[in-house]
1. Hey, with R₀ at 22 Å, roughly what FRET efficiency would residue 159 and residue 58 work out to, going by the Cβ-Cβ distance, to 0.05?
2. Residue 75 versus residue 94, label points 7 Å from Cα toward the beta carbon: distance in nm?
3. Within the range 18-39, what residues put their amide N at less than 16 Å from the label point 7 Å along the Cα-to-Cβ vector of residue 174?
4. Expressed in nm to one decimal, what extension gain is obtained for the pair residue 167 and residue 140 from 0.36 nm per residue of sequence separation less their Cα-Cα distance?
5. Rounded to the nearest 0.05, what FRET efficiency do residue 113 and residue 8 give with R0 = 35 Å and r taken as the Cβ-Cβ distance? Could you check?
6. Would you calculate the separation in nanometres between label points at residue 66 and residue 27, each defined as 7 Å from the Cα along the Cα-to-beta-carbon direction?
7. Within 10 Å, count the other beta carbons around each residue, average over each peptide in 86-93, 23-30, and list them highest first.
């Protein structure tokens with residue numbers, strides 16, 4: 001690589017359940033959960049992969065605000081939290097404003113419209129990793145499952161997206177190495193970009 005070319009940041013999309021779990025753990029005074037660690041790393045903009053860019057949409061942020069209110073957060077708290085998350089994306093290594101997704105490709109036959117939106121955001125934002133606790137909801141026709149319930153890969157034209165459970169993803173974020181499983185060999189992020 002030429003010294004004049006800066007490496008591209010690692011792009012990660014966190015499903016809403018990851019944000020909710022981390023925020024609920026914070027509110028309950030718990031520490032050290034996988035979701036809390038992932039959210040903290042994403043907020044800092046640095047993981048084991050190096051500079052890390054959050055991929056999220058305005059639609060996801062809006063839905064998160066509604067869910068947070070249902071979970072007992074005040075409207076003001078929910079607005080402050082979602083504004084803070086938007087800011088993380090906006091000031092990240094590539095200063096990516098939350099995406100506006102108008103429709104979608106419809107290539108993934110997911111049952112849930114919200115899950116389909118998250119998947120479309122991850123692909124549109126060129127995320128390399130989508131982290132979700134609802135792993136099975138993102139497995140559809142054509143998904144290559146490497147570790148049942150934990151790791152899968154969806155591929156579209158010129159882009160590959162790894163879908164992982166937070167307990168797996170947090171280890172990858174710590175080390176900067178992705179282990180898809182099944183093959184027994186670890187692959188650095190450069191090999192999957």
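1. Between residue 159 and residue 58 the formula returns 0.55.
2. 3.6 nm
3. 31-39
4. Full-extension gain reported as 7.6 nm.
5. 0.70
6. A separation of 1.8 nm, rounded to one decimal place.
7. The most tightly packed comes first, giving 86-93, 23-30.
No value in this document is a laboratory result; all are computed from the given coordinates. All of these numbers come straight from a predicted model, not from anything done at the bench. Methodologically, a virtual Cβ is constructed for each residue, glycine included, from the backbone with ideal geometry; neighbour enumeration extends over all protein chains shown.
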